[in-house]
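Note sheet for the following structure.
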Amino acid sequence: MRAMSVFPKQREIRIVDVPVPMANHEHDVLVQVREVGICGTDREICDFHYGTPPDGSERLVLGHEALGEVVSVGPAVRTLKPGDLVALTVRRPCPDEECVACRAGRQDFCTTGDFLERGIKHADGFMTEFVVEHEHYLVRVPPTLAEVGVLIEPLTIAAKASVELEAIMRRYPWEPTGLRALVLGAGPIGLLGAMAAVSRNFQTFAYSLEAADSPRARLARSIGVEYISARDTPLDVLAAKIGPMDIIFEAVGSARVAFAALDALAPNGVCIFSGVPGGDKTIEVELDGIMRNIVLKNQVLFGTVNASRSAFEASVQKLEQFMTLFPEAVRGLITERARLEDAPALLHQPRGIKQVVAMAA
Ligand SMILES: [Zn+2]
Ligand SMILES: [Zn+2]
């Protein structure tokens, strides 16, 4: 079968022929991959910034945002049956007996850093035809989400952030209402975050580089988000323009933007960082003022990385809710479906919003 493979040493990306994986555990499930999304992480792996092949191999099969269909199940599998659609989770626990997070099945909180990630770190990914996986790492997806289920993995970021946000908001002895949320960045993660905010009835704003009449801005407005283009509103006047925000969801991966936007964070506000800045440049930020606000205004800043099985389950629920509230906007996130043969070009040239490789095509 074919597999999109990265050879970091040779600095090459190509489709190679690999053996169909064999199920050899009673809890194993054979999955036929239907669709795989491409994101910035894949592009960085293809630029050889990171991405580590499995031990003993010189190639890494790419792809971590996958929707598949169960072909066959081992004799002990109880949660899935042939024909079921599944989202494939990405991170696998580290082997350290002392890592309480991994031992509790929460490898998203791993403390050793020795976890594996399929398609990213020491484990092959899903941009191939068949995958074998333990049932525990597969999450059932209802058939109604067949068309958009490939978005479940990227949505786990907002899904996990949402669970953590709720835990933080339990500190108020009142029911918070009329909350206002600002999303930084209108890429797939930002737009999915905006959908999550709207679905919780937050008055939602999105701030991003794209022009006010761009397709991303139109998509944001179609779900009731107020879109503000950085072309019209420089970062230093954003706070004055939109007023205090109870929640800020950062999805740009820029420390400069993230910290500057804190000006807009309300008293008792919560700011969530989800982007991963690539550089290590020195930037000037007025930290005294930021720290003063964090203390005097009870603000919370936290980072979140996906994702546990529970976040995938929450993501499935959210996506179902989005498909009831604004199905066209959800479908509109997937702007291109390509064949595996055409994936190398996509990996080097982002266009549209979310590009997807359709494995069966
Ligand atoms: Zn991704
Ligand atoms: Zn661990």
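General remarks:
- Top of V131, V295, V70 by mean-square fluctuation, Gaussian network on the chain, Cα under 10 Å: V295
- Surface composition of the chain: carbon and sulfur atoms hold 53% of the protein heavy-atom accessible area at a 1.4 Å probe.
- Alpha-carbon centroids, the range 193-210 and the range 229-265: separation in whole Å: 13 Å
- Rolling a 1.4 Å probe over the protein heavy atoms gives the chain an accessible area of 46 Å² per residue.
- Largest accessible area first, the residues M291, M1 order themselves as M291, M1 under a 1.4 Å probe with ligands, DNA and RNA left out.
- Sequence-separation-based contact order of the chain, relative, with Cα cut under 8 Å and 6+ spacing, percent: 18 percent
- Listed residues L325, M22, H64: farthest to the positive end of the dipole of the chain (Cβ charges): L325
- Comparing Y137, I152, A181 along the charge dipole axis of the range 133-208, the residue lying farthest to the positive side is A181, per the Cβ-charge model.
- Spatial offset of the range 290-361 relative to the range 110-124 amounts to 20 Å, using the alpha carbon center of each.
- Here the contact order of the range 27-156, divided by its residue count and restricted to Cα pairs under 8 Å and six or more residues apart, works out to 36 percent.
- Taking every DSSP bridge with both residues inside the chain, close to 55 percent are antiparallel.
- The peptide list 168-174, 50-56, put in order of mean Cβ contacts within 10 Å with the highest first, becomes 50-56, 168-174.
- Spatial separation of Cα centroids for the range 50-91 and the range 266-280, in angstrom: 31 Å
- Cα gyration tensor shape for the range 264-306, rounded if a/c is under 1.5, else prolate or oblate: oblate
- Dipole magnitude of the chain, debye to nearest 20 (Cβ charges: Lys/Arg +1, Asp/Glu -1, about Cα centre): 600 debye
- When peptides 24-32, 147-155 are ranked by their average number of other Cβ atoms within 10 Å per residue, the highest-first order is 147-155, 24-32.
The values are calculated or read from the model by the stated rules, or taken from the named source; none is laboratory data. This one's a predicted model, so the numbers in the text were calculated from it and none came from an experiment. So basically every Cβ, Gly included, is an ideal-geometry build from the backbone, and we count neighbours across all protein chains shown. Ligands, DNA and RNA are excluded from the accessible area calculation, which covers all protein heavy atoms including side chains. Shrake-Rupley method; radii C 1.70, N 1.55, O 1.52, S 1.80 Å.
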